[in-house]
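Enquirer: So that we are looking at the same thing, I have put the structure below in structure tokens.
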Amino acid sequence: MFTIDLQDKVALVLGGSRGIGASITEMLACAGAAVYFTHTGNPDNAERISDLVDRVSSEGGEALGVALDALDSKSTEDLVRRIVSEKGGLDILVCNVGRNLARLPEEITDQDWKSFIDINLTSAFYGVRAVLGLMAAAGYGKIILIGSSAVFDGGGGGLDYAAAKAGMTGMMTYLCRAYLRRGIRTNIIHPCVIETDLLKERYNDPEKRRTLEAQIPVGRFGKPEDIAGLVVFLASGFGDYICGQEILADGGRTMYNK
Ligand SMILES: NC(=O)c1ccc[n+]([C@@H]2O[C@H](COP(=O)([O-])OP(=O)(O)OC[C@H]3O[C@@H](n4cnc5c(N)ncnc54)[C@H](OP(=O)(O)O)[C@@H]3O)[C@@H](O)[C@H]2O)c1
């Protein structure tokens, strides 16, 4: 018998309040990590966040939600400093903040472009930059980026989104090259068709949903836990020898629908 044990680990999940991020928060915490997760602070989500914290605590875990504008680099750095002062370190960073909108390239304004690159890519950069020094000094760290299958097939929404997610892959490659010898292992997970608010918003018509589902060889939409389980695995000792990888979790859709 073996279990995944993150008891002595501290994690920060950027965008960890709902969908895939909430499941990552919950599973990391239930594996024993002390988890800080961020959200926009939107009052509409308050109940959902307190349910998440209660669920984790009823399972014996520890998760703390923090309202953080993902594009406020100073607040991101302050949060990392706070975590280190409260917990003595930070071992795991998950960059999950993301937003997508399906439209044609001609419909993307200059402002849209900047804002989608920012929310999907710059937010991850701010998180990564805030933790690199302390992880390098500790000689250990796990950075897990959440990308998208759009980097392989261009699908799933806008050109700006696909470009930003591809930028995250470049970030992952750089981080491995520059920081692996200092103990920081970085990987990127590319989800596809996971049942979350983001997906429901994009496929709100039942007919469109059926068409989409029929394209998934395993026969179902993904669940947030399908991604969260992978994050926990990579964050644990079982993932220690995996570095610089792009892991596609898509029920086979990308490979078999080309
Ligand atoms: N669902 C899919 O099929 C799919 C496919 C490919 C890739 N992905 C990627 O997987 C990740 C999670 O997707 P999801 O479907 O779970 O998305 P989601 O349900 O929309 O959740 C997005 C998360 O990001 C947070 N967030 C958004 N904008 C933010 C901001 N400006 N500042 C701080 N936090 C912000 C949200 O916080 P609030 O709760 O406060 O709004 C929420 O926790 C994203 O990076 C997405 O691109 C998803």
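Enquirer: Taking 8 Å as the Cα distance limit and 6 or more residues as the minimum spacing, I'd like the relative contact order of segment 57-211 as a percentage.
Expert: 25 percent
Enquirer: If you don't mind, another one. Over the chain, with the other protein chains present, what is the accessible area per residue in square angstrom, probe 1.4 angstrom?
Expert: Here the residues of the chain average 48 Å² of exposed surface.
Enquirer: Would you calculate the separation in nanometres between label points at Asn257 and Arg81, each defined as 7 Å from the Cα along the Cα-to-beta-carbon direction?
Expert: Distance between label points: 4.6 nm.
Enquirer: Amide H neighbours of Glu62 under 5 Å, at least 5 residues apart or on other chains, H built in the peptide plane: list them.
Expert: Distant-sequence amide H within range of Glu62: Val35.
Enquirer: Mind ordering 16-22, 105-111, 122-128, 147-153 by average Cβ neighbours within 10 Å, highest first?
Expert: 16-22, 122-128, 147-153, 105-111
Enquirer: How much accessible surface area, in Å² rounded to 10, belongs to the heavy atoms of Phe238 with a 1.4 Å probe?
Expert: Accessible area, nearest 10 Å²: 100 Å².
Enquirer: Okay, moving on. Which values of log₁₀ I(q)/I(0), to two decimal places, follow from the Debye formula for segment 48-179 at q = 0.10 Å⁻¹ with a uniform point scatterer at every Cα?
Expert: Debye curve over Cα of segment 48-179, log10 I(q)/I(0) at q = 0.10 Å⁻¹: -0.39.
Enquirer: Another question about this same structure. Need one number: the % of Cα-Cα pairs in the chain sitting beyond the 24 Å mark.
Expert: Cα-Cα pairs of the chain separated by over 24 Å account for 45 percent.
Enquirer: Quick one: with all protein chains in place, what share of the accessible area of segment 1-114 is carbon or sulfur, to the nearest percent (1.4 Å probe)?
Expert: C and S atoms contribute 49 percent here.
Enquirer: Per residue of segment 165-181, in order, report the coupling 6.51 cos²θ - 1.76 cosθ + 1.60 (Karplus, θ = phi - 60°) as ³J(HN,Hα) in whole Hz, putting x for Gly and Pro.
Expert: 5, 5, x, 5, 5, x, 4, 4, 4, 4, 4, 5, 4, 8, 10, 4, 5
Enquirer: In nm, to one decimal, how far is the Leu134 label point from the Gln111 one, both placed 7 Å along Cα→Cβ?
Expert: Distance between label points: 3.6 nm.
Enquirer: Further, regarding this structure: How big is the accessible area of Arg220 in square angstrom, nearest 10, if you roll a 1.4 angstrom probe over the protein chains?
Expert: My reading of the accessible area for Arg220 is about 100 Å².
The values are calculated or read from the model by the stated rules, or taken from the named source; none is laboratory data. Please read these numbers as outputs of a predicted model, since none were measured by experiment. FYI the Cβ positions are ideal-geometry reconstructions off the backbone, even for glycines, and counts take in every protein chain you see. Accessible surface areas use protein heavy atoms only, side chains included; no ligands, DNA or RNA. Shrake-Rupley method; radii C 1.70, N 1.55, O 1.52, S 1.80 Å.
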